[in-house]
Amino acid sequence: VVTDRVSAFDVLRETLGPLVEPAASAVLVLVLVAFMLARREDIRDRLIRLAGSHQVTMTTRLLDDVSTGVSRFLLVQSLINTVVGVLVALGLWAIGVPYPVLWGALTVVLRFVPYVGSIVAMMLPLALAFATSVGWTATLQTVALFVVLDVVFAYFVEPLVIGRHVGVSSLALLISAVFWTWIWGPAGLAVATPLTLCLAVAGRHVPGLELLGIILGDTR
């Protein structure tokens, strides 16, 4: 039996191949977002011109509300993530997992991806706790720490606090996360809240989309 020789380049290509496409998509999204933020005033003026001169007031108000809502969402989400990151760092320090501050900072960043980010953030400290501790105590405590914080913040604190500050129903946030994940996968999960916010704002200002404002909005 003669086996084919596999070069180091082939091994590298097979290993990194599945990672190239997601990485390229992420870079493309970051470049697009950076460009849109840099030219946000120009994009806004073009959208107003597209809407027509007879709807300038409505279009301007809609864009202002969307911008304000997204800014509030990012601010509130950043504050919540920071609180969770501090709790994670303190909990891992108490458990005895090495580099707790690093894992807390990583949790702050990854939690911008709802629900899934906390699971990804747990993997590295969980593996480190398993490798550096004797027995299962530290490993189980690490799992319990992340699970309890994720359940409390992701399913109770975030829907109520974010929904109240951005004007979107907490139930709509949960349903939209499931819907956009079904449509676009992980990318849909990451942008579920901003998209829902945009639809709710459009429902409040566009007469033809009033149904969306009633279903998604946090009006009483």
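What shape does region 133-190 have by the C-alpha gyration tensor, where a ≥ b ≥ c are the square roots of the eigenvalues, rounded means a/c under 1.5, and otherwise prolate means a/b greater than b/c and oblate the rest?
Since a/c reaches 1.5 but b/c is at least a/b, the shape of region 133-190 is classed as oblate.
Ignoring ligands, DNA and RNA, please state the percent of accessible area on region 67-138 from carbon and sulfur, probe 1.4 Å.
80
Students sometimes get this wrong: rank Trp184, Trp93 by accessible area, probe 1.4 Å, all chains present, largest first.
Largest to smallest exposure gives the sequence Trp93, Trp184.
If you take all C-alpha pairs in region 66-220, what percent of them are over 22 Å apart?
45
Any idea of the accessible area per residue across region 83-135, 1.4 Å probe, to the nearest Å²?
53
In whole Hz, what ³J(HN,Hα) sequence does region 150-157 give by Karplus (6.51, -1.76, 1.60; θ = phi - 60°), x for Gly and Pro?
5, 5, 5, 7, 6, 9, 10, 5
Beta carbons within 10 angstrom, averaged per residue: use that to sort the peptides 101-110, 65-74, highest first.
101-110, 65-74
So, taking all protein chains as they sit and a 1.4 Å probe, how much accessible area belongs to Tyr155, in Å² rounded to tens?
110
Please calculate the 1.4 Å probe accessible area of Glu158, with all protein chains present, and give it to the nearest 10 Å².
Accessible surface of Glu158 is approximately 20 Å².
Of the accessible area of region 140-220, with the probe set at 1.4 angstrom, what percent is carbon plus sulfur?
75
The values are calculated or read from the model by the stated rules, or taken from the named source; none is laboratory data. Remember, it's a predicted structure, so these values are computed and weren't measured experimentally. Cβ coordinates were reconstructed from backbone atoms using ideal geometry, including for glycine residues, and neighbour counts include every protein chain displayed. The protein model used for the area step is the full one, side chains on, heavy atoms only, and it has no ligands, DNA or RNA in it. Shrake-Rupley method; radii C 1.70, N 1.55, O 1.52, S 1.80 Å.
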